Amino acid sequence: MTSFYPFLAIILLWLAAYTDMTRRLIRNWVSLAVLLLFILYATFTSVPLDIMGHILWAGTLFGLMLVGFALGKIGGGDVKLATVVMLWAGPGAGPEFLVITALCGGLLALFIVIPILRMIHEWASSPFLKYGLMTEEGLSPSVPYGVAIAAGGTVALSRIPLQGMG
């Protein structure tokens with residue numbers, strides 16, 4: 001039964017990815033539900049867990065991402081979702097989660113930035129502000145990082161029922 005909790009969490013991650021792609025919004029209830037699923041899993045699993053290790057990894061990631069949020073480089077929904085996924089991943093799958101999330105986020109950024117650069121080249125004689133491609137500060141592409149978090153989280157959480165969590 002406890003292997004059902006990571007499965008539900010993965011479904012919620014992809015729901016968050018979808019809303020991030022379509023609305024650039026990750027709802028708080030999704031992150032809270034993923035957190036609740038971890039608490040249920042940790043409570044009812046027979047696999048021994050290093051709960052403090054999981055909390056330490058999640059807290060560290062939260063602190064690092066909070067800096068990005070304060071600088072306006074990452075959204076609050078991304079911070080919350082990545083933190084609860086790291087709580088699931090912990091020391092066992094945390095590094096894998098980070099690497100896969102970073103690689104997917106980089107690829108996603110390329111898919112968003114390259115077409116924008118192409119559009120700028122095509123419309124070089126047009127005012128950039130008219131097309132919403134630039135703000136007063138420069139380019140304004142938004143990367144739905146929830147997709148990358150969902151990809152990294154799917155890999156990390158799919159290992160949980162087989163290996164425990166660290």
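The values are calculated or read from the model by the stated rules, or taken from the named source; none is laboratory data. Please read all numbers here as calculations on a predicted model, not as lab measurements. Counting neighbours? That spans all protein chains shown, and the Cβs are built from the backbone with ideal geometry, glycine included.
Observations on the model:
- Filtered by the rule that a residue be aromatic (Phe, Trp, Tyr), more than 25 Å from Ile112 (Cβ to Cβ) and surrounded by fewer than 19 Cβ atoms within 10 Å (Cβ to Cβ), region 8-42 gives a lone residue, Trp29.
- Residues located in region 72-90, provided they are aliphatic (A, V, I, L, M) and either modelled with pLDDT under 95 or over 21 Å from Ala109 (Cβ atoms) (or both): Ile74, Val84, Leu87, Ala89
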